[in-house]
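Worksheet: the structure to be examined is printed underneath.
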Amino acid sequence: MGLRSFATAHIPGLTGLAGPKAAPAPASEASSFDALVARLHYLPKADVKRIREAYKFADEAHLGQFRASGEPYITHPIAVAGLCADWRLDAQAIMAALMHDAMEDCGVTKTELIERFEAPTAELVDGLTKLDKLQFSTREESQAESFRKMLLAMARDVRVILIKLADRLHNMRTMQHMAFDKRRRIARETLDIYAPIAHRLGLNEIYRELQELSFQYIHPWRHAALAKAVTKARGHRRDLVTRIERDVQKAFAEANLRVEIQGREKTLFSIYKKMSEKHLSFAQVSDIFGFRVIVQDLPQCYWSLGVLHQLYKPQPGRFKDYIAIPKPNGYQSLHTTLVSPLGTPVEFQMRTEAMHMVAEKGVAAHWLYKSKGDAKAAQQLGSRWLQSLLDIQDETRDATEFLEHVKIDLFPDAVYVFTPKSKIMALPKGATPVDFAYAIHSDVGDHCVAAKVNGEAVPLRTELRSGDVIEVVTAAGARPNPAWLSFVRTGRARSKIRHFLKNLEQEESRELGHKMLAQALRAEGLALPSLNEEDAPAAALWQDLARWAGNRHVDELLVEIGLGRKIASIVAKKLARTLSEQGQRPDAVLLTMGRFATDDAPSQGQVLIDGSEGASVRLATCCRPIPGDDIKGYLGRGEGLVIHTGECAVGRRLFQRDSEHWIAVGWAEELSRSFEAEVGVLMRNGKGVLAQIATAVSSAEADITHIAMSDDSAQRETAEMTLLLAVRDRLHLADTLRTLKRSAAVMRVWRVKP
């Protein structure tokens, strides 16, 4: 529900393109096939004849179906086809628009469509068809899978998303007859998914209208209040707008420059968003209106900029050249903000007519401008993003996760950075050197160890700014860090990191499973058979064991043991029986090595922890075990091995409930890293207290990895602080605690236990 342009309403000769239409086309016009045919004048008669056949097919398929408003259902496909005709899409796309619900709602098969209308049209309809909901356990899962199907079809043919956006736009325009909850759900989905996709592909007219309609249905009271405030403000600013328009027209006339000036008014949603994000009142939002200056050619864009800067003072730092560096969706314009005669900021945008068409229509502009360029250019516009969908799909088999990655990439803002060889790259606002590395190539991202911005070394989580020159430092042995997931912004980087970590977790879980099975079999007095596939008898034995356990391959069985989905002692007993049937006898030395003295935990060998186990072994955060603590291992179902201290209350409850998943673990003699212990400190408040504590910890050769204090600590004479200390073992922790106690500011110090 857009607004009238204030320029059209109040300024003679000033035509407005402020945003979406105020109301959809009348039902009679939208639902008439004859009216649609009148809009197809750009197509040959043979194509119109094929479209008429598609209409008759869709009309018969939807016979007896009605919309919530009571209108025949066929009025909706005709309206969608009409929107596609406004973009001058080809006959295949118009036919697909007419039949876009035929497969989903009418039981028409893809084979039938191929026979009647050929494969390209059938592929478009199939890309627009949701998946069968009966295949999924939840509506969210079904929805995510349907989005994935549609987006991947779009990556192959951008007409899929153009038809889908036309479908969604007409539904949003005619949603008033639906139930309130359904309206809000569809509006939220539109705001989260479809409006950002429209923006990502440069379809700014649709983007603004979808946002506006969604805002109206999600927050109807706020929408109404803002509409009233904008109408009132428009009246108050009429004199100022008239004066600016008069001054600008005069300046361009004196410069002998022919231009078209259009008024532009912020949409209600963009005003609401700015008020929410910046905590402003309506009166504080100053840039509600602006102007577009449309010129004849590229040099005149910069010429008109000079004319305006001579007329009014420009605001420093508010000039943007999107002509030299276009936005990722192809948008090109010069933006400048000038100070009006009353001191208020006014934005001007300078562009050519062709740039204006692309700015409003995005990829659809290439069909409108067929005479000036091939429609294949539409596939190239935003092609890097479309290709990234396929890359993300390769690494993400879960539909919900895929949708999460795509949402991350549907960003409204971008920063423009440079490679050391001066190549420009567009990244989302807030992107980091890790995002940049993965944008170059997945191998660069996987082996990234450091980065330089403008020649200076920076942390990998540094946010990049437009104009930065980025250099990535790589190392052959480096690999992605799980911590990167907390700050990367692009879906491509996130999916690549997760894919690597999943593969790494599988490999580490396999090694852990192999170690656990070997130690469990040692408790039976037997050695683990070779995993060498060239050893035919051993390979056959392993395959039989995997089949018995319900796995396709021995590697899958070992991974499941490492993840705790299969119990090593049970698999070892089965393997021991098979080996004994083949004539192998328990070995006394192995039996002795396999025995251990602990409590009631099942005897399946002791796993040694040295800190290098990776994702397959985790130290429980409830008790934070460190070397020297008595420890036990819990094989959570699918979580890998979780290490608890022997006195951990959480661990005791788990043992009582699920004792068969506990195994004996111990600390290795040589450790590969330090371990975190939680320490509480009661201290006297005063100047420099934190510095004293940090100095004490440092003198004990320990490190502080995290500090937490209560919010009201500054108002009290004493304060309690929690530290996470990186220490080697219990002896090192005890030495660190003693050093802290000697500090004058510390009253008491203790290790935090659950």
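Every number in this text was worked out from the coordinates using simple rules, so none of it is lab data. Here the structure is a predicted model, which is why all the values come from computation and not from measurement. Virtual Cβ from ideal backbone geometry, glycine too; neighbours counted across all protein chains shown.
Miscellaneous remarks
- Remark: relative contact order (the range 21-129) = 26 percent; criterion is Cα-Cα distance under 8 angstrom and separation of 6 or more residues.
- Alpha-carbon Debye profile of the range 473-522, log10 I(q)/I(0) at 0.13, 0.19, 0.22, 0.24 Å⁻¹: -0.45, -0.72, -0.83, -0.91
- When each of 566/632; 274/452; 515/574 is checked by Cα-Cα distance, pairs over 24 Å: 274/452
- For the range 654-713, GluC sites (Glu not before Pro) meeting the loop criterion (DSSP other than H, G, I, E, B) and having at most 10 other Cβ atoms within 10 Å: 669, 670.
- In terms of distances greater than 32 angstrom between alpha carbons, the cross-link table entries 266/423; 110/182; 56/327; 182/327; 320/502; 228/361 yield 266/423; 56/327; 182/327; 320/502.
- Put the Cα centre of the range 64-80 next to the Cα centre of the range 187-211 and the gap is 23 Å.
- Footprinting exposure proxy for 276, 698 (fewest neighbouring C-beta atoms within 10 Å first): 276, 698
- Gyration tensor (alpha-carbon) shape descriptor, the range 212-333, a/c threshold 1.5: prolate
- The label point for residue 189 and the one for residue 66, both projected 7 Å from the Cα toward the Cβ, are 2.4 nm apart.
- Using the average count of surrounding beta-carbon atoms within 10 Å as a protection proxy, the listed peptides 544-556, 620-632, 196-208 rank, highest first, as 196-208, 620-632, 544-556.
- Other residues lying with their Cβ under 14 Å from the Cβ of residue 733 contribute a combined charge of 0, Lys and Arg counting +1, Asp and Glu -1.
- Compactness of the range 21-129, expressed as Rg and Dmax over alpha-carbon positions, Å: 13.2, 41
- Over the Cα atoms of the range 208-255, the radius of gyration divided by the Kirkwood radius equals 1.26; this is the Rg/Rh ratio.
- Within the shell of other residues whose beta carbon sits under 11 angstrom from the beta carbon of residue 549, the net charge comes to +2, with Lys and Arg scored +1 and Asp and Glu -1.
- C-alpha center-to-center spacing [the range 250-266, the range 441-486] in angstrom: 46
- Förster radius 35 Å - calculated FRET efficiency between residue 544 and residue 441, Cβ distance, rounded to 0.05: 0.20
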